[in-house]
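Data block below; observations after.
The values are calculated or read from the model by the stated rules, or taken from the named source; none is laboratory data. Small disclaimer: the values here were computed from a predicted structure and weren't measured. Every residue, glycine as well, gets a Cβ built from its backbone with ideal geometry; the counts of neighbours run over all protein chains shown. What goes into the accessible areas is simple: the full protein's heavy atoms, side chains included, and nothing from ligands, DNA or RNA. Shrake-Rupley method; radii C 1.70, N 1.55, O 1.52, S 1.80 Å.
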Amino acid sequence: MKDGSIIKVSGPLILAKGLKGTKIYDLVYVGNAKLFGEVVEIRGSIYSIQVYEETEGTQPGELVYSTNEPFMAELGPGLIGSIFDGIQRPLPALRRESGDFMLKGSKLSPLDREKKYDFCPLVKIDDKVIPGDILGTVKESNLISHKIMVPFGINGTVVEISAVEATIDTTIVKIDSGTEVFSISMCQKWPIRQPRRVSKKMRPQEPLVTGQRVIDMFFPVVKGGTACVPGPFGSGKTVVQHQLAKWSDADIIVYIGCGERGNEMADVLLELPELKDPKSGESLMERTILIANTSNMPVAAREASISTGITIAEYYRDMGYSVAVMADSTSRWAEAMREMSGRLQEMPGDEGFPSYLGSRLAAFYERSGNVICIGSDKRKGSISIIGAVSPPGGDLSEPVTQETLRVVKVFWGLDDKLAYQRHFPAINWITSYSLYHDIVDEYAAINVSPNWKEIRRKAMELLKREADLEELIRFVGVDTLSDNDRLIMEVSRMIREDFLRQNAFDSIDTYTSLEKEHLILDLIIYYFHKANEALKSNVELGRIFQIPSRENIARSELIPEDRLFQFPDIKIEIKNEINELIS
Amino acid sequence: MFVEDINGVAYGELTEIILESGETRHGTVIEVGEGLALVQVFEGTRGISTENVKVKFLAKGVEIGVAPDIVGRIFNGSGELIDGGPPLIPKKRLNIHGHPINPYARDYPDEFIQTGISAIDGMNPLVRGQKLPIFSGSGLPHSALAAQIARQAKVFKSNDGFAVVFAAIGITFDEADYFISEFKKTGAIERAVLFINLASDPSIERLSIPRMALTVAEYLAFELDMHVLVIMSDMSNYCEALKEISAARKEVPGRRGYPGYLYTDLSTIYERAGRIKGKRGSITQIPILTMPEDDKTHPIPDLTGYITEGQIILDRGFNSAEIYPPIDVLPSLSRLKDKGIGEGKTREDHADLLNQLYYAYARGKNAKEIAVVIGESALSPEDILFVNFSDRFENEFICQGRDVNRTVEDSLNLGWKLLSELPKKELKRVRPEYIEKYYQKVIK
């Protein structure tokens, strides 16, 4: 390993020579300011380095220092509740050190090295351990017990357990492999571009409950699954991502703000600590890790932010948690790749994106999954990935959206027409799809209600019928519709307005449990069946529409979760009122 | 321009180019290798030959000198004073590229700014620290609107200093003159800093002018505790200049010939809006851009929309119907409104009212479209009410004069007045208690 020197500077790309022995993706420090960089190409003796910080002021001839190891994420207690930039520098500490603006060349440890944690050992002297085995736990936050695992590549016998209260660098356990004694601390490192190992991948089994009605009922995602949210600007991608970060029932949330707005990250930062988890009542920050590399921060670090985030997610998955990763937005990530590729003068593919765009996207989404973790206890963990996509001009035929759709199983198509009508979440129910219905139907039939699938299909049928009828009305007017069709139109409107539409800013409406989702939709479908009965008995349509309990259906979304017993009463009201019309 | 035989030159360094004639021009290093530097010349390369030209590397980036008395001054695109006043004695010199704000240091914008324009205050409220562009087209009155906002903008309960920083990017003399005379007429010039690059000035200056303006804005906001409104017109010219220079550097183009890094580059301008925890000042941006062929999916408005927190879209149809301001409220959006409105900020019913107005207007417009195809007779009686509502909404709520300054109360009451023409049961998006309080009540 040798240090080299800079021969050319072009924005975030630096060419250097003399770095003999340095490997692709090795971390280097560039120039007098010691900027973070990563070797992305080696051609003969010329090394191309992607620099994660602003390179203004860097000169040819300055030295490049090789570290001879790839860029690693630091993993250990203290991650939860943190906010990092794309290369895992802790933003709060950075602010204390260098002020409100991001200056370059700051080197800060991602984790707090001073803080002491209470280590509760779960192994005894002479226990045999293999990689992934849990040595002990640390209470990391009120929600998360952090499991200290045997790092990859270490097999052996526990020979020493020390230090009950320790910093993350202190040796807490010693393991004798027979040939060598390893000192294990609470902190380990992992190269961000390499997926962490699992012992087996399995088919996903449970829904990831998001509390968003249109998602959970019609286009559900599962723990270990993948979803994407493409939409033009202003259609509410970020609000959907925020809602999922807030309310989905994963154990851990990793939110990657990749090349997006600074004020949005500020919003998440200020809001999450205030919000309470619907199950435990603890602050949502107690289970969240944020990666914030806003659009104006260095573009190479933006490219790294996705890998940093998913590596942290994998680490928690290995502990046996279900992790949900929100990546907002993968398009900005792809653009960062495009920018670097352009500077490397690679042959461009579609719209200037590098030809390996598809394989990089696929590799990212493949890091999701429902798995059996390494370790002898065969615990299960999962990672779900929800990626936002920002197609230019809202045109879904562009490369990033298309390549994403080839790998993800759920598509939530955002529609700006719905957004203009302030119908939020603006997920278009005709174009969106989910390939996880079987899994969720099976789960819901047991855990929520046996007729879950039936009412879901009925409601979707009505909505599709409504779309067809609307086409028809455009040509021939509303007068020509039969009473049956009018009823379908009216009930579909109820589904849209009273079920699909959900106000993220209302304290009750923002989250709906699966039970309540089912109850609301069940009411509407019940009304449809009763109304049909009434129509058959020749009751005038206008009178069916005007029964007083309609008001209660419309307001049922605002019934608090602890008062769900009100639903059967509304059902009885509907029944009585319609029966009265018939008689 | 390539420069040979160099030593110790850094990326991004500022250069002075001394021509044969003695004329001095400026440039910046955009690529540097061993003994060779690529220099971008601000004033253009006309008249430069490869002989007898000296290049001096100044060992610093592009900077601008700032001082508290910068307010009231006018600069050109090279950062030189052009108002004929005394020279500015800089307190400090700042690199115009600035540094990104640490996301953790940001404070969320939540203070309502009253612009006096109903279509904005009522429907798409602006808050301090927001970046809200105006998407316009050629021939639309975006300049009048921006000037009106600059004149009328006001924040409740605050007596902190207020300043306007205006960057004219490649606009015509007439437009620039309009702004200057508007500012002079209302006395706003006293609290404004102007940067002027006219259509005839070198296009490369257009790349640095918004950055100079924002550097001054950051100084005023975060060091002098002022609330700064930055108006940049026209950002389309900025993007064109970027495209021109990218093409000259033979870079691989992204969409429609614009460089692939257009998004990143624009974000380094727009993201300089905001507030910082523990600081009193703020930067609010109103960039103006003209959409080529009024096409919102063109890369310039498209990428802008992905960075900014909403957009105000002007509509040609409204303009020809003499509705001023011709703001098409349906596709317009303010992303930061939710925390800036409501009780204690504007009024408790604002959020509900806004949603209801949107819904009613969208429904009315929709019904109107159907009526165009199959005739008005096919509309249901309710739909006709909504059609009437949407007409009145355009003519009374959106439309207001160039000098009309409505308070937010007035705008909200006007909204209720129009909604009162609709049946009560149709107002599903408003909470019953607000219907009780405001529906069909004469509010003065």
### Query
So how many residues does segment A:376-394 have that are open to solvent by 10 Å² or more (accessible area, probe 1.4 Å) and closer than 26 Å to A:G320 by Cα?
5
### Summary
For A:R422, the lone unmet condition from (1) at pLDDT 95 or above; (2) on the phi > 0 side of the Ramachandran plot is (1)
### Query
Considering only residues of segment B:294-313 that are open to solvent by 10 Å² or more (accessible area, probe 1.4 Å) and free of Cβ contacts under 8 Å to residues at least 24 places away in the same chain, which is nearest to A:G231 (Cα to Cα)?
B:T297
### Query
Is it true that some residue in segment B:283-298 is within 20 Å of A:R338 (Cα to Cα) and either more than 7 Å from chain A (Cβ to nearest Cβ) or of a type in the set (A, V, I, L, M) (or both)?
yes
## Note on the structure
Expected output for segment B:251-266 (first residue surrounded by fewer than 21 Cβ atoms within 10 Å (Cβ to Cβ), partner in a loop (DSSP other than H, G, I, E, B), Cβ below 7 Å, 6+ apart or cross-chain) is B:V252/B:G260
### Summary
A careful count of residues in segment A:435-471 that are out of contact with any Ser or Thr (no Cβ under 8 Å at 6 or more places or on another chain), within 30 Å of B:K365 (Cα to Cα) and not acidic (D, E) gives 5
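Can A:R338 be described as under 23 Å from A:K237 (Cα atoms), in a helix (DSSP H, G or I), at pLDDT 85 or above and in the same structural domain as A:M265 (by TED's automatic domain parsing)? Steps first, answer last, please.
Working: under 23 Å from A:K237 (Cα atoms): yes; in a helix (DSSP H, G or I): yes; at pLDDT 85 or above: yes; in the same structural domain as A:M265 (by TED's automatic domain parsing): yes.
Yes, satisfied.
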### Query
Residues in segment B:93-104: is at least one closer than 23 Å to B:E271 by Cα, open to solvent by 50 Å² or more (accessible area, probe 1.4 Å), in contact (Cβ under 8 Å) with a residue 24 or more places away in the chain and away from chain A (no Cβ under 13 Å)?
yes
### Summary
Wholly inside segment A:157-258, strands (runs of 3 or more DSSP E) that include 2 or more residues that are within 29 Å of A:M297 (Cβ to Cβ), open to solvent by less than 10 Å² (accessible area, probe 1.4 Å) and aliphatic (A, V, I, L, M) are A:226-230, A:252-258
### Query
Quick one: would you say A:R367 is crowded, with 17+ Cβ neighbours inside 10 Å and either closer than 25 Å to A:L244 by Cβ or touching a residue at least 40 places away in the same chain (Cβ under 8 Å) (or both)?
yes
### Task
Give the number of residues within segment B:1-18 that are open to solvent by less than 10 Å² (accessible area, probe 1.4 Å), part of a strand (DSSP E or B) and not hydroxyl-bearing (S, T, Y).
1
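Return the residues of segment B:43-59 that are part of a loop (DSSP other than H, G, I, E, B) and open to solvent by 30 Å² or more (accessible area, probe 1.4 Å); say none if nothing qualifies.
Within segment B:43-59, B:E43, B:T45, B:R46, B:G47, B:I48, B:S49, B:T50, B:E51, B:N52, B:V53, B:L58, B:A59 qualify.
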### Query
Across segment A:26-46, what is the total count of residues that are open to solvent by less than 40 Å² (accessible area, probe 1.4 Å), more than 14 Å from every other protein chain (Cβ to nearest Cβ) and either at positive phi or of a type in the set (A, V, I, L, M) (or both)?
4
### Task
Would you be able to say whether some residue in segment A:53-76 is more than 30 Å from A:P273 (Cα to Cα), without any contact (Cβ under 8 Å) to a residue 24 or more places away in the chain and open to solvent by 10 Å² or more (accessible area, probe 1.4 Å)?
yes
### Message
All but one of (1) within 14 Å of chain A (Cβ to nearest Cβ); (2) modelled with pLDDT under 90 hold for B:L132; state the number of the condition that does not hold.
### Response
(2)
#### Entry: Cβ pairs under 9 Å, 6+ apart, first in segment B:322-349 and among the small types (G, A, S), second open to solvent by 20 Å² or more (accessible area, probe 1.4 Å) and assigned to a helix (DSSP H, G or I)
B:G342/B:A351
### Task
Tell me, yes or no, whether segment B:391-409 has at least one residue that is part of a helix (DSSP H, G or I), open to solvent by 20 Å² or more (accessible area, probe 1.4 Å) and under 18 Å from B:I149 (Cα atoms).
yes
#### Entry: Options A:A444, A:A419: the member that is crowded, with 21+ Cβ neighbours inside 10 Å, of a type outside the set (D, E) and either assigned by TED's automatic domain parsing to the domain that holds A:F219 or not in a helix (DSSP H, G or I) (or both)
A:A419
### Task
Specify which of the listed residues (A:S331, A:S376) is in a loop (DSSP other than H, G, I, E, B) and either within 19 Å of the chain's Cα centre (by Cα) or more than 14 Å from chain B (Cβ to nearest Cβ) (or both).
A:S376
### Task
State all residues of segment B:209-235 that are of a type outside the set (D, E), over 21 Å from B:E111 (Cα atoms) and open to solvent by 10 Å² or more (accessible area, probe 1.4 Å); if no residue qualifies, say none.
B:R211
### Query
Name the residues in segment B:19-35 that are open to solvent by 60 Å² or more (accessible area, probe 1.4 Å), touching a residue at least 24 places away in the same chain (Cβ under 8 Å) and not acidic (D, E), would you?
B:S21
### Query
Which condition does A:E517 not pass, out of (1) surrounded by fewer than 21 Cβ atoms within 10 Å (Cβ to Cβ); (2) of a type in the set (D, E, K, R); (3) assigned to a helix (DSSP H, G or I), if it passes all the others?
(1)
### Message
Conditions first: (1) open to solvent by 10 Å² or more (accessible area, probe 1.4 Å); (2) under 17 Å from the mean Cα position of the chain (by Cα); (3) of a type outside the set (D, E); (4) closer than 21 Å to A:E53 by Cα. A:R338 passes all but one, so which condition is the exception?
### Response
(2)
#### Entry: Out of A:K104, A:K128, A:K23, A:K116, sole residue that is at pLDDT below 90 and away from chain B (no Cβ under 14 Å)
A:K23
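Can you tell me which residue in segment A:271-322 is nearest to the other protein chains (Cβ to nearest Cβ), limited to those that are part of a helix (DSSP H, G or I) and among the hydroxyl-bearing types (S, T, Y)?
Of all residues in segment A:271-322, those part of a helix (DSSP H, G or I) come to A:271-274, A:284-287, A:299-318.
Subsequent filtering for residues that are among the hydroxyl-bearing types (S, T, Y) retains A:305, A:307-308, A:311, A:315-316.
Numbers: A:S305: 12, A:S307: 19, A:T308: 15, A:T311: 20, A:Y315: 22, A:Y316: 22 Å.
Within segment A:271-322, the match that is nearest to the other protein chains (Cβ to nearest Cβ) is A:S305.
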### Message
touching a Leu at 6+ places or on another chain (Cβ under 6 Å), surrounded by fewer than 19 Cβ atoms within 10 Å (Cβ to Cβ) and at pLDDT below 95: is that true of A:D485 in this structure?
### Response
yes
### Message
I'd like the full set of residues that are buried (at least 17 other Cβ atoms within 10 Å of the Cβ) and modelled with pLDDT under 90, limited to segment B:410-434.
### Response
B:L427, B:R429, B:V430
### Query
Pick from B:V155, B:V62: which is open to solvent by 10 Å² or more (accessible area, probe 1.4 Å), in contact (Cβ under 8 Å) with a residue 60 or more places away in the chain and either at positive phi or within 14 Å of chain A (Cβ to nearest Cβ) (or both)?
B:V62
